[in-house]
Amino acid sequence: MSMSSIPSSSQSGKLYGWVERIGNKVLHPFLLFIYLIIVLMVTTAILSAFGVSAKNPTDGTPVVVKNLLSVEGLHWSLPNVIKNFSGFAPLGAILALVLGAGLAERVGLLPALMVKMASHVNARYASYMVLFIAFFSHISSDATLVIMPPMGALIFLAVGRHPVAGLLAAIAGVGCGFTANLLIVTTDVLLSGISTEAAAAFNPQMHVSVIDNWYFMASSVVVLTIVGGLITDKIIEPRLGQWQGNSDEKLQTLTESQRFGLRIAGVVSLLFIAAIALMVIPENGILRDPINHTVMPSPFIKGIVPLIILFFFVVSLAYGIATRTIRRQADLPQLMIEPMKEMAGFIVMVFPLAQFVAMFNWSNMG
């Protein structure tokens, strides 16, 4: 490749500026769904005016587009606005899951676990560990976007590697692996709920479980960790040159109280998992299907989100009591209130989203 084929810094600056301007013009999700609702209304009016219909593949009956701007559409919309919002499948599940995951973050369990994972890193595998921790950190709140980059830099600095490479690896892990996780996270709940709502247009009995996409997301952790680590080691870090700087910053270490809390939380986690296993693995387990004695479907699969919430609650409570983060009964609800405040933006976004999904289904546009 000749030097003339490499973009100049001014050309790169123009490109980055163009990307930034386009990114700044992207609509807020709330407004995006408002505009989608308007487009949907106009589209249904046009298609219904031309009598557009399709054949139902299951029974062969014609399916006609309903006009959302008609009197019939108005009579349906007004009484169902609140119902569409409160009955939106992912809303309650995500808010409940945030109660558990948020408690784990507020008592310090998740941050301590991340530090523990980062404290025994070999220089050769630092890139892979930073990326893996970044994927795992998504079970926490959006504070991950602030916590992980400096942690990645400190991990690399602690093992004698270029801290900027560690920072970039952490950013890549947080951004590119936003839903790649070995655990069930809020995105799994959101997507399964939206899929269930969409599937109702064809089969009201169809239910998309939160674990339906878990196999892909879990395998993505392995693939993205390997690919991201190789890119960091073979491409990014060599281009940064040798790190010559000095820094007094040290990777955070756990206190004796935190180490004790993690041991207690680990024991409680194993006991909880063992208890669930005893109710699922035996053929007559109480969480299996009571008629066919299967695991899929079963109360265990249908109740996986409440079980995850209970897991977070029990383990976080054990850690909080062990580390004295929870000293009084009143501390518990207060710690759970704080994460819910961060969900205000999500709740606002869900309102038009729920209306759009319901209108899409009612109008037979699906």
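Among Arg106, Arg328, which comes first, second and so on when ranked by fewest other beta-carbon atoms within 10 Å?
Arg328, Arg106
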So the angle from the long Cα axis of helix 109-118 to the longest Cα principal axis of the chain, reported in degrees to the nearest 10, equals 50 degrees
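Past 31 Å, Cα to Cα: identify those pairs from Lys116/Lys341; Lys83/Lys341; Lys55/Lys83; Lys25/Lys66; Lys25/Lys341, in the order given.
Result: Lys25/Lys66 exceed 31 Å.
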If every Lys and Arg gets +1 and every Asp and Glu gets -1 at its Cβ, then about the Cα centre segment 120-252 yields a dipole, in debye to the nearest 20, of 440 debye
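Given axes a ≥ b ≥ c from the Cα gyration tensor, I'd like to know whether the chain is rounded (a/c under 1.5), prolate (a/b larger than b/c) or oblate.
Details: a/c = 2.09, a/b = 1.29, b/c = 1.62.
Cα axes put the chain in the oblate bin.
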Computed over the chain: longest principal axis from alpha-carbon atoms vs helix 9-24 long axis, angle to nearest 10 degrees, is 40 degrees
Here, Ser269 and Leu78, labelled 7 Å along Cα→Cβ, have an inter-label distance in nm of 5.4 nm
Subtracting the Cα-Cα distance of Gln244 and Tyr35 from 0.36 nm times their residue separation yields 70.0 nm
To the nearest 10 degrees, the tilt of helix 214-231 (Cα long axis) against the first principal axis of the alpha carbons of the chain is 40 degrees
Expressed in Å to one decimal, the Kirkwood Rh of segment 120-252 from all distinct alpha-carbon pairs is 16.0 Å
If unit charges are put on Cβ atoms (+1 for Lys and Arg, -1 for Asp and Glu) and the dipole of the chain is taken about its Cα centre, the option from Pro79, Gly60, Leu317 lying farthest towards the positive end turns out to be Leu317
Magnitude of the Cβ-charge dipole (Lys and Arg +1, Asp and Glu -1) of the chain about the Cα centre, nearest 20 debye, reported as 460 debye
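Computed from the coordinates by the stated procedures, all read-outs in this text should not be read as laboratory data. All figures in this text were calculated on a predicted structure; none of them were measured in a lab. With ideal geometry, Cβ positions are generated from the backbone for all residues, glycine too; neighbour counts draw on all protein chains shown.
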